[in-house]
Every structure is written in C-alpha cells, then in structure tokens.
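First up is the structure itself, then whatever we jot down about it.
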C-alpha cells in the first residue's frame with residue numbers, strides 16, 4: 001500500500017510537526033556547516049576573513065574614489081563593515097537556500113520531514129557565518145572606541161530578524177522555482193551582484209533627494225535594514241517613512257515566498 005504525503009492547507013503550517021522534527025533541522029544545519037568548510041584549509045576562518053577582506057578592499061577603494069557616507073563622522077571601516085555583515089547574511093542565505101532543494105534531491109526522494117527545513121537550514125548556516133563575522137567587528141569597534149549603546153542592543157536583534165525574514169522569503173521562492181527552472185542558479189548570482197551595488201552597503205544613500213527615486217530605493221528591503229542598524233550603531237538619521245516601506249517590502253517578500261514554496265512543495269519529489 002502506498003501512502004501519499006500531502007501538506008494540509010496552502011496557508012497553514014503545522015508548527016507542532018515543525019517542533020517534532022527540530023532535531024532533523026539541527027543535524028541538517030550542522031551537516032551543511034561542516035560540508036561548507038570541511039575541505040577548506042582555513043576552515044571556519046573563512047567566515048572571519050571574508051568580511052575583513054571586503055572591508056579592506058573598500059577602505060583602499062575609498063582612498064581612490066570619493067564615496068559618500070553622509071554628514072556623519074563615523075569611522076569608515078565601521079560604517080562599511082556594518083553593511084558587509086548584514087549583506088553577507090542576506091546574500092549567503094538567499095544563494096544557499098535557492099539551491100537547497102535541488103542539492104538535497106536524493107534526501108527528498110527517500111525520507112519525509114518538513115521540506116521548509118531545507119531553506120531554513122541554509123539561512124541558519126548564513127546566520128552562523130554572521131556571528132563569526134562579528135569577531136571582526138568587535139576589535140575594530142574597540143579600536144575606534146565606538147562602543148554599543150542601549151539602542152544597539154535593542155535594534156541589533158530586530159535587524160537580524162528582518163534580514164532573516166526577507167532572506168527566507170526570497171530564498172524559499174527561488175528554491176521552489178529552481179526545482180522546475182534550473183536557470184535560477186545562474187540568475188541568482190547576477191541578481192545578488194546587481195542588488196549589492198544598489199544597496200547602501202559601502203555608501204550612504206542620503207545624497208538622493210528625488211522623492212520618487214527615494215521611494216523606489218526604499219522598496220529594496222536591505223536599504224531599510226542597513227539604515228536601521230546604522231541608526232542603532234552610530235545614531236545616523238533614519239527615514240521613518242522609508243523604513244515603513246522597507247518593512248512592508250520585507251513582509252511581502254516573506255509571505256509571498258513562503259506561500260509559493262508551500263504551493264509547489266508536493267512536486268519536489270517528482271522533479272527534483
């Protein structure tokens with residue numbers, strides 16, 4: 001007798017089932033972390049070296065070309081590093097989760113557990129890299145004597161959650177789409193690279209004065225996240241209306257991505 005496992009409803013996630021399979025999520029995440037660094041000579045050090053090297057590149061780059069960082073006197077290494085850490089969290093989570101279903105096709109066809117665990121584990125791996133990257137930020141912060149304030153402690157977790165939500169939504173959407181259209185694995189790196197340059201990772205967008213262009217700019221959820229974290233870290237000015245637009249974009253991305261994933265997850269075993 002064959003038993004076909006189907007999800008319940010499109011708008012329904014069985015959180016009890018997710019909790020029951022929590023050990024599976026843990027081992028899936030830990031497996032992905034070990035595989036990512038197993039054959040690397042420097043191992044986990046790459047998670048620390050990557051943001052440090054990117055920061056160094058932009059510091060040198062700024063000595064050659066003028067980069068606008070607003071009217072703040074924030075040390076540029078801290079400014080750019082705050083952007084790099086959150087950008088790496090987003091881009092790494094989206095890239096890895098977009099390929100998560102295809103990369104685990106052999107598991108999908110053999111055993112059952114909530115399929116959403118694949119993009120979730122990819123996001124958690126990037127979150128691990130994020131916290132490793134904080135090891136770079138702390139000594140730079142101490143060197144420039146820019147110590148965390150109450151706002152930093154309060155806003156940092158919120159920014160991490162917002163980044164995870166948008167990465168989870170976008171990654172889940174493309175992970176489901178990638179099962180049917182393998183072009184996605186070529187589109188994602190290009191799209192991520194393009195988004196990097198239109199996101200205020202290494203520069204400040206405060207020089208934009210056109211209200212219509214500013215509206216478009218805040219539709220990019222990363223803009224609001226980076227502005228919020230820099231408000232918490234350095235007290236830089238924040239556009240409340242822009243932040244609301246970015247948060248709306250984050251929420252829309254998350255809901256759309258999760259519903260799209262839910263809609264097509266029953267077909268993964270057939271075409272993965």
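The values are calculated or read from the model by the stated rules, or taken from the named source; none is laboratory data. This structure is a prediction, so every number in the text was calculated from the model and none was measured. FYI the Cβ positions are ideal-geometry reconstructions off the backbone, even for glycines, and counts take in every protein chain you see.
At-a-glance table
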quantity: Looking only at the range 206-221, and only at residues there that are assigned to a helix (DSSP H, G or I) and touching a helix residue (DSSP H, G or I) at 6+ places or on another chain (Cβ under 6 Å), the one that is modelled with the lowest pLDDT; calculated: 217
quantity: Qualifying residue in the range 156-173 (condition: more than 17 Å from residue 84 (Cα to Cα), free of Cβ contacts under 8 Å to residues at least 24 places away in the same chain and surrounded by fewer than 16 Cβ atoms within 10 Å (Cβ to Cβ)); calculated: no
quantity: Of all residues in the range 7-39 being outside any helix (DSSP H, G or I) and either in contact with a helix residue (DSSP H, G or I) (Cβ under 6 Å, 6 or more places away or on another chain) or at pLDDT 70 or above (or both), the one that is farthest from residue 110 (Cα to Cα); calculated: 10
quantity: Residue 72 touching a residue at least 12 places away in the same chain (Cβ under 8 Å), in contact with a helix residue (DSSP H, G or I) (Cβ under 8 Å, 6 or more places away or on another chain) and surrounded by 22 or more Cβ atoms within 10 Å (Cβ to Cβ); calculated: no
quantity: Qualifying residue in the range 45-60 (condition: part of a loop (DSSP other than H, G, I, E, B), touching a helix residue (DSSP H, G or I) at 6+ places or on another chain (Cβ under 9 Å) and without any contact (Cβ under 8 Å) to a residue 24 or more places away in the chain); calculated: no
quantity: Of the criteria (1) touching a helix residue (DSSP H, G or I) at 6+ places or on another chain (Cβ under 9 Å); (2) not in a helix (DSSP H, G or I), which one residue 225 fails; calculated: (2)
quantity: Matching helices (runs of 4 or more DSSP H) fully within the range 86-201 where at least 1 residues are within 14 Å of the chain's Cα centre (by Cα); calculated: 117-143, 150-180, 184-197
quantity: Residue in the range 247-266 that is crowded, with 17+ Cβ neighbours inside 10 Å and either free of Cβ contacts under 8 Å to residues at least 60 places away in the same chain or closer than 30 Å to residue 60 by Cβ (or both) present; calculated: no
quantity: Failed condition for residue 67, given (1) more than 27 Å from residue 161 (Cα to Cα); (2) surrounded by fewer than 14 Cβ atoms within 10 Å (Cβ to Cβ); (3) at pLDDT below 85; calculated: (2)
quantity: Test: residue in the range 138-148 that is touching a helix residue (DSSP H, G or I) at 6+ places or on another chain (Cβ under 6 Å), without any contact (Cβ under 8 Å) to a residue 60 or more places away in the chain and surrounded by 13 or more Cβ atoms within 10 Å (Cβ to Cβ); calculated: no
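Let's see how each residue does on (1) farther than 26 Å from residue 152 by Cα; (2) surrounded by fewer than 17 Cβ atoms within 10 Å (Cβ to Cβ); (3) without any contact (Cβ under 8 Å) to a residue 40 or more places away in the chain:
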| site | (1), (2), (3) |
| --- | --- |
| 177 | yes, no, no |
| 182 | yes, yes, no |
| 187 | yes, yes, yes |
| 194 | yes, yes, yes |
| 203 | no, no, no |
| 211 | yes, yes, yes |
| 217 | no, no, yes |
| 223 | no, no, yes |
| 226 | no, no, no |
